[in-house]
1. Just from its helices, what would the mean residue ellipticity at 222 nm be for the chain, if runs of 4 or more DSSP H residues each count -39500 (n - 2.57) and the sum is divided by every residue, rounded to the nearest 500 deg cm²/dmol?
2. Say the dipole of region 7-192 comes from +1 at the beta carbon of Lys and Arg and -1 at that of Asp and Glu; which of 66, 76, 163 then lies farthest toward its positive end?
3. Once you've got the Cα coordinates, tell me which of 84/182; 84/129; 89/159; 74/178; 98/161 are over 30 Å apart.
4. Could you size up the charge dipole of the chain around its Cα centre, putting +1 on the beta carbon of Lys and Arg and -1 on that of Asp and Glu, and report it in debye to the nearest 20?
5. What area, in nm² and to one decimal, does the C-alpha convex hull of the chain cast on average over all directions?
6. Within 10 Å, count the other beta carbons around each residue, average over each peptide in 176-183, 64-71, and list them highest first.
7. Summing +1 for each Lys or Arg and -1 for each Asp or Glu, what net charge is found among the other residues whose Cβ lies under 12 Å from the Cβ of residue 25?
8. Could you list the GluC sites (Glu not before Pro) in region 100-171 that lie in coil according to DSSP, counting only those with at most 11 other Cβ atoms within 10 Å of their Cβ?
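Nothing in this text is a laboratory measurement; each read-out follows from the coordinates by a stated rule. The structure presented is a predicted model; accordingly, all values stated were derived computationally and were not measured. Methodologically, a virtual Cβ is constructed for each residue, glycine included, from the backbone with ideal geometry; neighbour enumeration extends over all protein chains shown.
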Amino acid sequence: MKKHTPAMAIFGSSNYDIAVDCYSKVYQTGQLIASKGYTLIYGVGDVGMMGAAYSGARSVGGKVLGVTIPPLLKKQCADPSIFKRGELKLVDTLEERKKIMVTRAEVVLVAPGGWGTLDEIGTMGVRFKIGEWSARPVIFLNYNHYWDGVLKFMMQMVKDKAVRPNQVSFIGSVRSPKNLFKEIARVKRQMTKFE
């Protein structure tokens, strides 16, 4: 029987010039999860936040799985030969990409990002809510306070009863890579309260 390899997915900007100083922390996050034996699942790219996570994981010999659509592969990955056999999965739609990334991972990380990342956050919230995908910890890499406004807005939605508390129980955040696994454990405990 083939041994199961745990995985973490990461969403985030692929912009090469994203103007937030988080690259080194996302790189360290990639190193950390790879050193703990997790495969990094990401949306492909050798630039931006996703490129930082990829580079970090690779720097310690980590495994990766890149999932994307052909048009984005051309835009976001200058050299597809960075992937070894079986490490790149091309799909037809962004919806399929999101589903594979989330459902194959035990934990989802959200690095600083833009419209695509916001779309991915919303998709997870809806799919978890309706039970189409099993909920799992979603940890915002709130490096340099990047996600403060979004996290505050989520709590406002709960306060205004637009979202129920159980519908955000899977959310966590860290400001430093060193707190990641402690926060994952906390979120898992939080989620069990609503089961």
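1. The per-residue figure over the chain is -13000 deg cm²/dmol.
2. Of 66, 76, 163, it is 163.
3. Flagged as over cut-off: 84/182; 84/129; 89/159; 74/178.
4. 780 debye
5. 11.2 nm²
6. Final packing ranking: 64-71, 176-183.
7. Computed value for this residue: +1.
8. 132
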